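Shown next, in structure tokens, is the structure this report addresses.
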Amino acid sequence: MQTNDSIETIRYFCSLGARPSIILSFFRYVPIKIIRKIYKEVTGTAPSKGQLPIKIQIYFGRKHAVQASVLAKLYSDALESTQSEANALITAYELLKSIYGNSCLNFSQAWHISRYVACGQFTLKRCGEGHSFLYDETGLPRPPCPVCKEIRKVNAPALVALDVKVKKRKSA
């Protein structure tokens, strides 16, 4: 059963760069042919063929650790506000893009992180400064906290103001 809300959400997913297989994970009742058709209408191109690349180690590397941690925190907070998984991911990704602009993780990477958080393979921990950052399923510490490092490095006010944005979205 397809609703107008579902179709609009699928269109929005496509505009964010979600591949049809990602969209299908949220909308199992919508045939993949319809999702591909919507994808082509929205993006103007046929979807990429093949499986999504999966290398979870990149989320703990220097380049992606902070963004992955921020996204996981935003996603977890959005889920706690009783949003659906699809809307929680959209909310988290939009906020991440508002902080990092076009240099943020792509939507496929954001989806991967949300899946690993949902199944408990990635866990958010708090550092001594109170920031949330990711651990993998082994639970081995990855010091120092990547969020602390980033804040010290660039004095990132957007990261400090993160909780305010999430709280505002929750109450809306």
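Read-outs throughout are calculated quantities, based only on the coordinates presented, and are distinct from any laboratory measurement. This structure is a prediction, so every number in the text was calculated from the model and none was measured. All Cβ positions, glycine included, derive from the backbone under ideal geometry; neighbour counts span all protein chains shown.
At-a-glance table
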read-out: Segment Lys49-Lys125, length gained on full extension (0.36 nm per residue, minus Cα span); value: 23.8 nm
read-out: Out-of-range pairs (alpha-carbon distance over 30 Å; input Lys37/Lys97; Lys49/Lys125; Lys33/Lys73); value: Lys49/Lys125; Lys33/Lys73
read-out: Proxy reagent accessibility, fewest Cβ within 10 Å first, across Leu105, Leu89, Leu124; value: Leu124, Leu105, Leu89
read-out: Packing-based exposure ordering (other Cβ within 10 Å, fewest first) of Cys14, Cys104; value: Cys104, Cys14
read-out: Rounded if a/c under 1.5, otherwise prolate or oblate - the stretch 4-43, Cα gyration tensor axes; value: rounded
read-out: Ascending count of other beta-carbon atoms within 10 Å, so fewest first, for Ser76, Ser69; value: Ser76, Ser69
